[in-house]
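The values are calculated or read from the model by the stated rules, or taken from the named source; none is laboratory data. Quick caveat: nothing in here was measured; it's all calculated off a predicted structure. Cβ sites come from the backbone with ideal geometry, for glycine too, and all protein chains shown count toward neighbours.
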């Protein structure tokens, strides 16, 4: 009797269908915003069908030189909405990145247009060396706006994208960790007001 019961459990376990899997592109290492992922920084993993997030990419070829708008941890899926169109950087030359800037002030976003030039400021929200809470520093100066959120999606703030060097991308990403970012509209090439 015990042998028959064991055999029944064994056959039941063997008869269970193996869940279908589908490919999903993921980060093979931590990737920062503004990074254009290389093939060796990405990996395709098989995931259970139905568990892949909407818009998840399935191959490294789909990235095709497009910068990330957001940071991705090792193993995180790469979703189409995480990537920017490489066309935004057309005409800016090599070394220029599309730098995402999340600002809290919805009103300032409504004033901006693509092509405007802005200074990006970081107001410290965490005290640190040489930065009192509430003090602001310029982390990017005279950078052109490449993309803005849809007006209906601004709400309490939103994400705009500016063109900048790798150094600008690093400063903006670092400042976003310890502060709140805002933008100031300016004339292109003009000196900041005093």
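From the list 45, 52, the one residue that fits, being at negative phi, surrounded by 16 or more Cβ atoms within 10 Å (Cβ to Cβ) and either outside any loop (DSSP other than H, G, I, E, B) or not assigned by TED's automatic domain parsing to the domain that holds residue 172 (or both), is 52. Of the residues 98, 71, 90, 104, the single one that is within 23 Å of residue 168 (Cα to Cα) and free of Cβ contacts under 8 Å to residues at least 12 places away in the same chain is 90. Of all residues in segment 164-190, those being part of a strand (DSSP E or B), modelled with pLDDT of 85 or more and either crowded, with 21+ Cβ neighbours inside 10 Å or at positive phi (or both) number 3. Scanning segment 21-42 for residues that are part of a loop (DSSP other than H, G, I, E, B) and under 23 Å from residue 176 (Cβ atoms) yields a total of 8. Test residue 91 against the criterion of being at pLDDT below 85 and outside any loop (DSSP other than H, G, I, E, B), and give yes or no. No, not satisfied. Would you call residue 97 modelled with pLDDT of 85 or more, under 25 Å from residue 37 (Cα atoms) and surrounded by 18 or more Cβ atoms within 10 Å (Cβ to Cβ)? It is true that residue 97 is modelled with pLDDT of 85 or more, under 25 Å from residue 37 (Cα atoms) and surrounded by 18 or more Cβ atoms within 10 Å (Cβ to Cβ). Every condition in (1) modelled with pLDDT under 85; (2) over 21 Å from residue 160 (Cβ atoms); (3) surrounded by fewer than 12 Cβ atoms within 10 Å (Cβ to Cβ) holds for residue 61 except the one numbered (1).
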